[in-house]
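Data first, discussion second: the structure below is written as structure tokens.
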Amino acid sequence: MSLKITRIEKNDSGSSEYIMFIAEEDLLLSNYAVIDTTYINGQVSNLNRHFYRFPTKIVKKGEYVILYTQKGKDFLGKTNMGLICHYFYWGLAKEILNNNEVESIQVLRVQTVSTKKAA
């Protein structure tokens, strides 16, 4: 996978809840989406609770991407270590990474095959 999860930060308030990624090669970020799932009886469930597809943005190899779950405005900045980082906001009203439940975050490579507006 070209976009690798490096860290998941849970927080009861949701104010600093995020997922951090690193680009393992140059990539078009809109080709990737993130979903969260829960576990049932120790197995990943097929219930995908939330879905986020990244906007169109070129990310270079070695750059970081941070996806905050709360509302905010996307921007380009630097990490505490001075590395280039693309910051995005999922726009959710409350935290999704519950501290009392086992969950998983999955990164999907996606492609729009067809689009049609509803009549």
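The values are calculated or read from the model by the stated rules, or taken from the named source; none is laboratory data. Everything quoted here is computed from the prediction, not taken from an experiment. Every residue, glycine as well, gets a Cβ built from its backbone with ideal geometry; the counts of neighbours run over all protein chains shown.
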Checklist entry - Among the candidates Asn46, Asn11, which residue alone is modelled with pLDDT under 95 and part of a strand (DSSP E or B)? => result Asn46
Item to check | Any pair with Cβ under 9 angstrom, 6 or more apart, that starts in segment 101-119 at a residue that is surrounded by 10 or more Cβ atoms within 10 Å (Cβ to Cβ) and outside any loop (DSSP other than H, G, I, E, B) and ends at one that is polar (S, T, N, Q) and at pLDDT 85 or above | outcome: Arg109/Ser2; Arg109/Asn31
Next on the checklist: Looking only at segment 65-83, count every residue that is part of a strand (DSSP E or B) and out of contact with any Phe, Trp or Tyr (no Cβ under 7 Å at 6 or more places or on another chain) and tell me the total.
Outcome noted: 2
